[in-house]
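S.K.: Below is one structure. I have some questions about it.
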Amino acid sequence: MPQDDARDPLPTFHADLDAAFAELWRLLADGVAHGRSAFHTPSVATLDRTGRPRSRTVVLRQADAATGILRFHCDRRSDKAAEVAAGRHCALHAYDRAAKVQIRIEGSAHVHLDDAVADAAWDGSRPMSRVCYGIAPAPGTAIEAGGGYALPDETEAPPGRPNFAAVLVRAEALDFLYLDRRGHRRAGWRREGEGWQGEWRVP
Ligand SMILES: Cc1cc2nc3c(=O)[nH]c(=O)nc-3n(C[C@H](O)[C@H](O)[C@H](O)COP(=O)(O)O)c2cc1C
């Protein structure tokens, strides 16, 4: 558990549920913008076809407090794309040591392939990121040796668009845990109608 300094003032969200909600979304937005944040690379959990849990790291591309929608990108040929499409739900998780905050998100998820959402996500992605979607053979394929795959030349037009997918996660449940020796704080929210219903929880 990280050490905190008892002389540091407690953050507002330590005693204010609405401030904790705002802090959760602020940290996620900060994660989208900055690679140094652990919220830049949350793990995403899905279920495989036998119902067993699986998780992996992704880059968080969007986290919108107003809509409660998050976005990550993946190869449409990947296991995660198939598992999200089949299960239509996923869970995200990250713990940032500097912020001393763990965030857990559960939501419905949709894989966007050949629509405006995927087009906009592709248009907004950098050439360096696009190259990965031109990898051959498909992600997860067994190969003879570790280097037995090919990536397209970065200088050429990226051929990856047909393999690109944007996953939108509509958060339905949020769980926020802040660690502090003077008293941990845990809060949770569930979607209710147009808004969120929040509560403090025992850490
Ligand atoms: C730092 C980091 C960032 C990653 N970002 C992504 C990502 O944004 N999208 C993605 O599909 N895979 C990403 N990966 C790779 C996945 O974690 C995973 O290994 C790969 O996609 C295969 O997952 P799957 O077989 O469950 O589909 C990332 C891995 C690391 C370590």
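The values are calculated or read from the model by the stated rules, or taken from the named source; none is laboratory data. None of the values given here were measured: they were computed from a predicted structure. With ideal geometry, Cβ positions are generated from the backbone for all residues, glycine too; neighbour counts draw on all protein chains shown. Side chains are part of the model used for accessible areas, which takes the heavy atoms of the whole protein and leaves out ligands, DNA and RNA. Shrake-Rupley method; radii C 1.70, N 1.55, O 1.52, S 1.80 Å.
S.K.: Is there a quick way to get the dipole size of the chain? I mean about its Cα centre, with the Cβ of Lys and Arg at +1 and of Asp and Glu at -1; what is the value in debye to the nearest 20?
M.R.: Charge dipole, the chain, about its Cα centre: 520 debye, nearest 20.
S.K.: Now a separate question. Please report the carbon-and-sulfur percent of the accessible area for the chain; probe 1.4 Å, protein heavy atoms only, DNA, RNA and ligands left out.
M.R.: Result for the chain: 52 percent of the exposed heavy-atom area is carbon or sulfur.
S.K.: Can you work out the Karplus-derived ³J(HN,Hα) for every residue in the stretch 34-44? Use 6.51 cos²θ - 1.76 cosθ + 1.60 with θ = phi - 60°, whole Hz, and x for glycine or proline.
M.R.: In residue order, the calculated couplings are 10, x, 6, 7, 5, 6, 6, 10, x, 8, 10 Hz.
S.K.: With a point put 7 Å past each Cα toward its Cβ, work out how far Asp123 is from Asp79 in nm, to one decimal.
M.R.: Result for the modelled spin labels: 3.5 nm.
S.K.: Do any trypsin sites (Lys or Arg not before Pro) in the stretch 127-202 lie in a DSSP loop with no more than 12 other beta carbon atoms within 10 Å, and if so, which?
M.R.: Arg181, Arg182
S.K.: While we're here: So which chymotrypsin sites (Phe, Trp or Tyr not before Pro) in the stretch 94-179 end up in coil per DSSP with only 15 or fewer other C-beta atoms within 10 Å?
M.R.: Tyr149
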